[in-house]
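Colleague: Okay, here's the structure, questions in a sec.
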């Protein structure tokens, strides 16, 4: 039972960090792991995982070459409505 409670708590933290990351990239119109390392405090979810989750939600595009930044596909107003 304790493991299930911990898993649920970890999922809640990940959801909150994902929402925070979405707000940051749509507000700044920039998406990179270094930006997310400086802004939200990653707990169980690291910046790389957050970028991947944002890509899954079509908030940011895929990596482009050797660039560390990604194109932001969703603007802040649209992200707020999610």
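Colleague: State whether the residues of the stretch 7-17 include one that is surrounded by 15 or more Cβ atoms within 10 Å (Cβ to Cβ) and at pLDDT 65 or above.
Modeller: yes
Colleague: Return the residues of the stretch 73-82 that are more than 20 Å from residue 15 (Cβ to Cβ) and either at pLDDT 90 or above or crowded, with 16+ Cβ neighbours inside 10 Å (or both); say none if nothing qualifies.
Modeller: 73
Colleague: What tally of residues in the stretch 53-70 results from selecting those that are modelled with pLDDT under 90 and farther than 14 Å from residue 24 by Cβ?
Modeller: Qualifying residue count, the stretch 53-70: 6.
The values are calculated or read from the model by the stated rules, or taken from the named source; none is laboratory data. Small disclaimer: the values here were computed from a predicted structure and weren't measured. Reconstructed Cβ throughout: ideal geometry from the backbone, glycine too, with neighbour counts over all protein chains shown.
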